[in-house]
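Contents: one structure, followed by commentary.
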Amino acid sequence: MSNETINLADSVIAQTYKRFPMVMTQGKGVMLYDSDERAYTDFTAGIAVCNLGHANSKVADAICEQAAKLIHVSNLYYTLPQTELAKVLVAKSFADRVFFCNSGAEANEAAIKLVRRYFYEKGETEKIQIISMKKSFHGRTMAALSATGQEKIRKGFDPVLSGFDFVPFGDIDAVKNAIGPETGAVMLEPIQGEGGVCCTDKNYFKALRKICDENGILLILDEIQTGMGRTGKFFAYEHFGIEPDIMTLAKALANGLPVGAMLAKEEFAKAFSPGVHASTFGGTPLVCAAALEVVRILTEEGIVEQCETTGQYFKEKLLWLKERHDAIEDVRGMGLLLGMGLNINGGRIVEQCMEKGFLINCIQDKVLRFIPPLIIETEAIDRLVSCLDDIFLKERAVK
Ligand SMILES: *Cc1c(COP(=O)(O)O)cnc(C)c1O
């Protein structure tokens, strides 16, 4: 049965993804099941999306209840779920207003458009440049990929949008040197997820905030991967003692329903006046009801604190592995966004994990990324670590 599906899929679906030859049929918590009824402990969580686990029953109930009432009405009218979601996001963050859309890339599009429009309204039309980071990832639409500092994402899509300058992540002097009269914003991820779980520190973000203030430049944080509890705080910027002017969210916001959000302080948000930007689906009652339940569970059930503790436990275990195996160069990340830099190709490790019933992810060829649901327990982590230990021992024998 799985072969039939795979062959059909390969003949009718756009060939944009290199998939593993398995057909996923069901999930529960941190477990995923395929059509051959094999069980996997999932350390990918739909790429940092299903923070509350697969088929979370409370989120499923919220979706079912809302679906039976009202799925969509467009933004011609007010709805309660969208209003309440905006209210809780504003209450939990630095922001005053929220624009809803349907994906991470769209949220970044909105952020980029907002910066341009803000300076346009101000009459500072020269401020069209955004400083972005090398190895960043902001999505696949034209503006989002133009903001992305990875050649492989931009390749073959020229002319990409102009208006982006790239500097190395974590290098404050490079930002200073890149600022000119045309600079309107600095845009970055708190931790570079797709770029290889690359981290910098609190001092960097503090200095960045200061430079932005001194130069009248906006600070945009892409928290699409780091937000919603992933790093052990509700938003990653809370680790750094700073606030951005604009922040984008998506991925885990509705635990799997497609949603994006661009949050901003009033001064900037007001540049989006009626008719300036829009989305047909954005903030649909169905998705907002799911997201509201996600925020409620994360907050009321202590999941964010749990993520911080579990993440520390996991990181210590990965550091223990590093001491045992020369193939492991370093361990990095915060909360349950963890990466392991290797000096060998990670693809083989991913495949061997899969054979043993664990789903992990390899990025940038040599970085293993661990992004399980935030509800994962130490017992599952212990099982994975023991499996990785065996695999690395075997790899050494092969070498
Ligand atoms: C996943 C991701 C995006 C893109 O989100 P899509 O929903 O795939 O458009 C943008 N920025 C970051 C940091 C991401 O991790």
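Quick notes on this structure:
- Selection status of residue 97, in contact (Cβ under 8 Å) with a residue 24 or more places away in the chain, within 16 Å of the ligand (Cβ to nearest atom) and among the basic types (Lys, Arg): no
- Scanning region 237-247 for residues that are more than 15 Å from the ligand (Cβ to nearest atom) and assigned to a loop (DSSP other than H, G, I, E, B) turns up 240, 241, 242, 243, 245.
- Hey, residue 67 within 16 Å of the ligand (Cβ to nearest atom), among the small types (Gly, Ala, Ser) and either outside any helix (DSSP H, G or I) or farther than 30 Å from residue 357 by Cβ (or both) or not: no
- A single member of 310, 299 is open to solvent by 30 Å² or more (accessible area, probe 1.4 Å) and hydroxyl-bearing (Ser, Thr, Tyr), and it is 299.
- Near pairs, Cβ below 7 angstrom, 6+ apart or cross-chain, from region 281-308 (touching a residue at least 12 places away in the same chain (Cβ under 8 Å) and on the phi < 0 side of the Ramachandran plot) to any residue that is surrounded by fewer than 19 Cβ atoms within 10 Å (Cβ to Cβ) and among the acidic types (Asp, Glu): 292/84
- For region 1-56, residues that are under 22 Å from residue 255 (Cβ atoms), assigned to a helix (DSSP H, G or I) and open to solvent by less than 30 Å² (accessible area, probe 1.4 Å) total 2.
- In region 250-262, the residues that are part of a loop (DSSP other than H, G, I, E, B) and not hydrophobic (A, V, I, L, M, F, W, C): 256, 258
- When residues in region 263-296 are screened for being touching a Leu at 6+ places or on another chain (Cβ under 7 Å) and either open to solvent by less than 10 Å² (accessible area, probe 1.4 Å) or part of a loop (DSSP other than H, G, I, E, B) (or both), 9 of them pass.
- Where helices (runs of 4 or more DSSP H) sit wholly within region 145-236, those with at least 3 residues that are of a type in the set (A, V, I, L, M) occupy 172-178, 202-215.
- Subset of region 167-189 [in contact (Cβ under 8 Å) with a residue 40 or more places away in the chain and in contact with a Phe, Trp or Tyr (Cβ under 6 Å, 6 or more places away or on another chain)]: 184
- Residue ID - nearest to the ligand (Cβ to nearest atom), chosen from residues in region 248-279 that are charged (D, E, K, R) and more than 17 Å from residue 226 (Cβ to Cβ): 265
- Residue check for residue 105: closer than 18 Å to residue 252 by Cβ, within 16 Å of the ligand (Cβ to nearest atom) and part of a helix (DSSP H, G or I): yes
- Among the residues making up region 125-166, those that are more than 16 Å from the ligand (Cβ to nearest atom) and either touching a strand residue (DSSP E or B) at 6+ places or on another chain (Cβ under 6 Å) or in contact (Cβ under 8 Å) with a residue 60 or more places away in the chain (or both) are 127, 129, 131, 163, 165.
- Out of 59, 90, sole residue that is modelled with pLDDT of 95 or more and either under 28 Å from residue 277 (Cα atoms) or within 16 Å of the ligand (Cβ to nearest atom) (or both): 90
- Qualifying positions in region 206-226 - surrounded by 24 or more Cβ atoms within 10 Å (Cβ to Cβ) and within 16 Å of the ligand (Cβ to nearest atom): 220, 221, 222, 223, 224, 225, 226
The values are calculated or read from the model by the stated rules, or taken from the named source; none is laboratory data. What you see is a predicted model; the values in this text were computed from it and never measured. Virtual Cβ from ideal backbone geometry, glycine too; neighbours counted across all protein chains shown. In case anyone asks, the SASA skips ligands and DNA or RNA and just uses the protein heavy atoms, side chains included. Shrake-Rupley method; radii C 1.70, N 1.55, O 1.52, S 1.80 Å.
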